[in-house]
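The values are calculated or read from the model by the stated rules, or taken from the named source; none is laboratory data. The model shown is predicted, which means the values in this text are computed figures rather than measured ones. When we count neighbours, we look across all protein chains shown, and the Cβ atoms used for this are built from the backbone with ideal geometry, even at glycine.
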Amino acid sequence: MKRIFALLALAACTLGAWAFGVDTIRVEGAGFDGGMPAVVITPDGAGTTATRYPTVYLLHGYGGDAYNWYAKQPRLGELADSYGMVIVMPGVGNSWYLDAPGNPGQQVETFFTSTLVPYIDSHYPTITDRSKRAVTGLSMGGHGAFLLGMRHPDLFGAVGSMSGGVDIRPFPNNWKISTILGPYEENAAAWDAVTAAANIDAIKAADLAITFDCGVDDFFAEVNNNLHRALQEAGVPHDYTSRPGRHSWGYWNNSVLYHLLFFNEFFNRAE
C-alpha cells in the first residue's frame, strides 16, 4: 500500500502545474466482500464552488486493480482538469464485472450500479444524468464497460472499450471466466447474457454513444472486428478504430486519450 501512495504522490508532484485532486477510497456495502477500492480524480476547484461535473468510469483489466490506470497514465489528472470531468477507477479483482451466481460476496455488476455509482454521486460534485456519465475500460474492463452500458442505460449514456473482451465465448478456458459463470458448454445462456457480441439488440435499444478500438496484433482483434460489423449491420452508430498495436500499456495509454476526447465531446453535445 505504501508503494501505491508513493506512485500517486509522485504523479501529483510531476504534474504540479495542474491542481486536480486525487482520492483513494473504499466503498463498503453488501455484495462485494471487503469493500470496493477506487481512485477518484477531480478537476481543479471541485467541491469549492457550485459547479458539477460529468463522470467517466475507467475500468481495469484482468490482473489489474484500482491503481493501474493512474500509475500507468500520468496525464489523467491533467485531462480531468482540462476537460472538467471526474474520473473514477474502481478495483474489482478478476471478477469480469459480473454478478457471480451463488456467490453473494461477488455481485459486482449489482454493487457497481446500486452502490458505487450512488456513492460517487453523493460524495463528489457530479452531474447525475446519464448524458453526463460514461464508462470505458481495457481488456476485461472493455467487456465490463459494454456490460454496464447495455444493461444499465439509465446510468450510462456513453460506453467505450480498449482491446476489450467484447465476446468472451471464444475463450471458454481463459482467465477463469468459467469459475464465475460455470463451464460454457453447460451454461451457454449465462455467457450469452453478459457478452456484448450476443446482445446487439440490447446495445441498440440502450441508445449509447459508443467508441471502441483494438490493436491489429491483439488476440481480441477478431472479436472486436466482428462486433464492429454486427453493429454496422444493425444500424447502431459507433466509432471503431483498428490501429497498429498489441495487448499492452503502450497501446492503452494512447487509446485512453481518444476515449476521453470522445466522452468530452459527448458531454458537450448533451448540454
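For the stretch 130-156, the tally of residues that are more than 16 Å from Leu59 (Cβ to Cβ) and in contact (Cβ under 8 Å) with a residue 60 or more places away in the chain stands at 2.
Quick check on the stretch 163-172. Is at least one of its residues under 11 Å from the mean Cα position of the chain (by Cα), buried (at least 24 other Cβ atoms within 10 Å of the Cβ) and either farther than 17 Å from Ala189 by Cα or aromatic (Phe, Trp, Tyr) (or both)? Looking for residues that are under 11 Å from the mean Cα position of the chain (by Cα), buried (at least 24 other Cβ atoms within 10 Å of the Cβ) and either farther than 17 Å from Ala189 by Cα or aromatic (Phe, Trp, Tyr) (or both), one finds at least one in the stretch 163-172, hence yes.
With respect to Asp121, is the statement that it is assigned to a helix (DSSP H, G or I), of a type in the set (Asp, Glu) and either without any contact (Cβ under 8 Å) to a residue 24 or more places away in the chain or in contact with a Ser or Thr (Cβ under 9 Å, 6 or more places away or on another chain) (or both) true?
The answer is yes for Asp121.
Among residues of the stretch 62-75 being assigned to a loop (DSSP other than H, G, I, E, B) and out of contact with any helix residue (DSSP H, G or I) (no Cβ under 8 Å at 6 or more places or on another chain), the one that is nearest to Phe262 (Cα to Cα) is Ala66.
The set of residues from the stretch 250-268 being more than 23 Å from Gly84 (Cα to Cα) and either over 17 Å from the mean Cα position of the chain (by Cα) or surrounded by fewer than 14 Cβ atoms within 10 Å (Cβ to Cβ) (or both) comprises just one member, Gly250. Note on the stretch 22-61: residues that are among the hydroxyl-bearing types (Ser, Thr, Tyr), in contact (Cβ under 8 Å) with a residue 60 or more places away in the chain and part of a loop (DSSP other than H, G, I, E, B) total 1.
Among the residues of the stretch 97-149, the ones that are aromatic (Phe, Trp, Tyr) and under 14 Å from Val166 (Cβ atoms) come to 2 in all. Just one residue in the set Thr136, Thr113, Thr179 is under 30 Å from Gly45 (Cα atoms), not basic (Lys, Arg) and not in a strand (DSSP E or B); that residue is Thr113.
Between residues in the stretch 229-254 that are assigned to a loop (DSSP other than H, G, I, E, B) and residues that are exposed (fewer than 14 other Cβ atoms within 10 Å of the Cβ) and modelled with pLDDT of 95 or more, which pairs lie under 8 Å by C-beta distance while being six or more apart or on different chains? Taking only residues 6 or more apart or on different chains, the pairs are Ala234/Asp201; Pro244/Val216; Pro244/Asp217; Gly245/Val216; Gly245/Asp217; Arg246/Asp217.
The set of residues in the stretch 205-235 being over 19 Å from the mean Cα position of the chain (by Cα), among the hydrophobic types (A, V, I, L, M, F, W, C) and surrounded by fewer than 20 Cβ atoms within 10 Å (Cβ to Cβ) consists of Ala205, Val216, Phe219, Ala230, Ala234.
Residue count for the stretch 49-82 under the criterion of being within 22 Å of Phe267 (Cα to Cα) and at pLDDT below 95: the result is 3.
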